[in-house]
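What follows is a single structure, written as structure tokens, with notes after it.
Derivation of every value follows stated rules applied to the coordinates shown; laboratory data play no part. Remember, it's a predicted structure, so these values are computed and weren't measured experimentally. Counting neighbours? That spans all protein chains shown, and the Cβs are built from the backbone with ideal geometry, glycine included.
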């Protein structure tokens, strides 16, 4: 049976929920040593780069009516696509665990009943979101998003009103590294935005709305984290919430922002699992990832996610670069091979290049130059072999 097509409002609502995230606020605190002016510039520039890529990625799956990992098979071959689908499930399971872990620690700081309790509660709420189903979540999400919007406005006002800088907090960071951390969050959504735009009535417009809403809200979250760290001298978001007097309101922000964001990770892990095997059911795979994530959050420390963010960038930035070049420049899709060796080699070069660029303090970060060079290499390889790669044009 054909799925019900989503509206622009529904897509915007989904990505508003993705943007209101504790992880984004926490990442924003890392930028505090730059100060307001430079930090804000890095946030805007990084999100501009990341959200343009998010928009392009959304179009690819939206116009082809395929999930993110199904579109990957079009560039890298049937089995090549399985490789990236498996990596995507792993990174989404990692995100699920990290988000539940961060949410539980922050909630525990405000209301101490045991971090395990908050991991369990957040996991159960995510499972509830999954069981209700993507198609039936609009009313619940609308209520949750309205509440989160009001609470984050309160948080923003309380933190910024009458505040004066308490001094730099945290380790020094360069402008280029701050840009890269700002690119990292929208970049982490590239391998799954098509899971939602594939269902849109108007895929191009839905991709634009998704990227715009997410970009604005994510910038806001980064700014809250950075500003709170600068004005309070604290880098721990739970301590900041307690310090500014947001007890119950802060707890609600933590719990429900964690649920609405992590739901997307778990849901897309289920969608990617179907790309690995058609016998797997999306909903049950998503529930399994939620259980694994909650269990891992109870057992393992996950306090610093910067290396994880850079690993995601090094894997998925060159992957998306190959797809963008294929779809928008070379107009080729739907590989007929199990493995597209030339494109896999291009991706491998892009992966190594990203890791090398991490050693260079470039003002625009690592992602943009890596993707431009990878896309250019993909085009050059295709032209030099005159398209004899087993794929057909659009």
Worksheet item: Simple spin-label model, 7 Å along Cα-to-Cβ: residue 356 to residue 86 in nm?
Response: 2.7
Practice prompt. Averaging sequence separations of C-alpha pairs under 8 Å and six or more residues apart, then dividing by the length of the chain, give the relative contact order as a whole percent.
Written response: 34
Worksheet item: When a footprinting reagent is the concern and you count Cβ atoms within 10 Å, what order do 354, 214, 382 take, fewest first?
Response: 382, 354, 214
Worksheet item: Among 53-60, 36-43, 361-368, how do they line up from the highest to the lowest mean number of other beta-carbon atoms within 10 Å?
Response: 53-60, 361-368, 36-43
Practice prompt. Give me the angle, in degrees from 0 to 90, between the Cα long axis of helix 8-19 and the longest principal axis of the Cα atoms of the chain, rounded to the nearest 10.
Written response: 60
Worksheet item: Quick one: which of 254-264, 77-87, 186-196 comes out on top by average Cβ neighbours within 10 Å, and what's the full order, highest first?
Response: 186-196, 254-264, 77-87
Worksheet item: How many nm separate the modelled label positions at residue 302 and residue 338, each set 7 Å beyond the Cα in the direction of the Cβ?
Response: 3.4
Discussion item. For Cα pairs less than 8 Å apart in space and 6+ apart in sequence, what is the mean separation divided by the residue count of segment 204-363, i.e. the relative contact order in percent?
Written reply: 11
Worksheet, complete the sentence: Per the helix-only model, the chain has a calculated mean residue ellipticity at 222 nm (DSSP H runs of ≥4, -39500 (n - 2.57) each, divided over all residues, rounded to the nearest 500) of -25000 deg cm²/dmol
Fill in: Over segment 270-394, relative contact order from alpha-carbon pairs under 8 Å, at least 6 apart, %
29
Practice prompt. Give me the angle, in degrees from 0 to 90, between the Cα long axis of helix 248-276 and the longest principal axis of the Cα atoms of the chain, rounded to the nearest 10.
Written response: 20
Discussion item. If I stretch the segment between residue 278 and residue 212 completely, what's the gain in nm (0.36 nm per residue apart, minus their alpha carbon distance), one decimal?
Written reply: 20.5 nm
Item to complete: Apply 1/(1 + (r/R0)^6) to the Cβ-Cβ distance of residue 154 and residue 41, taking R0 = 25 Å, and write down the FRET efficiency to the nearest 0.05.
Response: 0.40
Fill in: Spin-label model distance (nm) - residue 132 vs residue 112, 7 Å beyond Cα toward Cβ
3.3
